[in-house]
1. Return the only residue of R61, R53, R7 being open to solvent by 60 Å² or more (accessible area, probe 1.4 Å), assigned to a helix (DSSP H, G or I), on the phi < 0 side of the Ramachandran plot and of a type in the set (D, E, K, R).
2. On the basis of being open to solvent by 30 Å² or more (accessible area, probe 1.4 Å), small (G, A, S), within 17 Å of G8 (Cα to Cα) and in contact (Cβ under 8 Å) with a residue 12 or more places away in the chain, does S36 make the cut?
3. Go through the range 49-61 and give me each residue that's touching a helix residue (DSSP H, G or I) at 6+ places or on another chain (Cβ under 6 Å) and either farther than 14 Å from V18 by Cα or of a type outside the set (A, V, I, L, M) (or both).
4. How many residues are more than 14 Å from R74 (Cβ to Cβ) and touching a strand residue (DSSP E or B) at 6+ places or on another chain (Cβ under 9 Å) if we restrict to the range 1-18?
5. Would you confirm, using the coordinates I've provided, whether A91 is at negative phi, modelled with pLDDT under 95 and in a helix (DSSP H, G or I)?
6. Under the condition of being within 18 Å of A50 (Cα to Cα) and β-branched (V, I, T), which residue from the range 73-112 is surrounded by the fewest Cβ atoms within 10 Å (Cβ to Cβ)?
7. Considering each residue of the range 30-49, count those that are of a type in the set (A, V, I, L, M, F, W, C) and closer than 12 Å to Y75 by Cβ, and give that number.
8. Quick check on the range 88-97. Is at least one of its residues farther than 22 Å from L10 by Cα and basic (K, R)?
Amino acid sequence: MRHDAVRGHLDGLLLAVVEPGPLHGYAIITAVQERSGGALELRTGTIYPALNRLERVGLLRSDWEAVGQRKRRRYELTETGRRQLAEERSAWRDFTRVIGAVLDPAPVPGAATGAATGAAT
């Protein structure tokens, strides 16, 4: 999948994978990849700045989790983040409905398919 196809939807993707519960950065990357059937492979250079920005604007909060000798930052949705995710989902449904109607229109009942129609005299 083209990398630019994700542009504009990254925030929604990140909020959606964190919705079930707190995840650390690598787990978020893995969740996006798994949910997309491997079609989306987001880079750490893309994910971490986005996570920091989402935290800065109040859509995510984070804490530190100790794993052995290491500490990992875990991210989770805030209430504001949950509302934003609901808005993202609604906007996505509207977008796909409108674009789908243009790219893959439903056949008009009774219309001829494949051949040009005209009045026979």
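The values are calculated or read from the model by the stated rules, or taken from the named source; none is laboratory data. A quick note: this is a predicted structure, and the numbers were derived from the prediction, not measured. Backbone-built Cβ (ideal geometry, glycine too); neighbour counts: all protein chains shown. SASA here: full protein model, heavy atoms, side chains in, ligands and nucleic acids out. Shrake-Rupley method; radii C 1.70, N 1.55, O 1.52, S 1.80 Å.
1. Numbers: R61 fails: assigned to a helix (DSSP H, G or I); R7 fails: assigned to a helix (DSSP H, G or I).
From the options R61, R53, R7, the qualifying one is R53.
2. Values: open to solvent by 30 Å² or more (accessible area, probe 1.4 Å): yes; small (G, A, S): yes; within 17 Å of G8 (Cα to Cα): yes; in contact (Cβ under 8 Å) with a residue 12 or more places away in the chain: yes.
In short, yes.
3. The initial filter retains those residues of the range 49-61 that are touching a helix residue (DSSP H, G or I) at 6+ places or on another chain (Cβ under 6 Å), namely 50, 58-60.
Correct list: G58 only.
4. The first filter runs over the range 1-18 and keeps only residues more than 14 Å from R74 (Cβ to Cβ), leaving 1-13, 15-16.
Now restrict to residues that are touching a strand residue (DSSP E or B) at 6+ places or on another chain (Cβ under 9 Å): 15.
Result for the range 1-18: 1.
5. Working: at negative phi: yes; modelled with pLDDT under 95: yes; in a helix (DSSP H, G or I): yes.
Considered against the rule, which asks whether it is at negative phi, modelled with pLDDT under 95 and in a helix (DSSP H, G or I), A91 comes out as yes.
6. T80
7. We begin by selecting, within the range 30-49, every residue of a type in the set (A, V, I, L, M, F, W, C); these are 31-32, 39-40, 42, 47.
Subset that is closer than 12 Å to Y75 by Cβ: 31, 47.
Summing the residues that are of a type in the set (A, V, I, L, M, F, W, C) and closer than 12 Å to Y75 by Cβ in the range 30-49 gives 2.
8. Filtering the range 88-97 down to residues farther than 22 Å from L10 by Cα leaves none.
Scanning the range 88-97, I find no residue that is farther than 22 Å from L10 by Cα and basic (K, R), so the answer is no.
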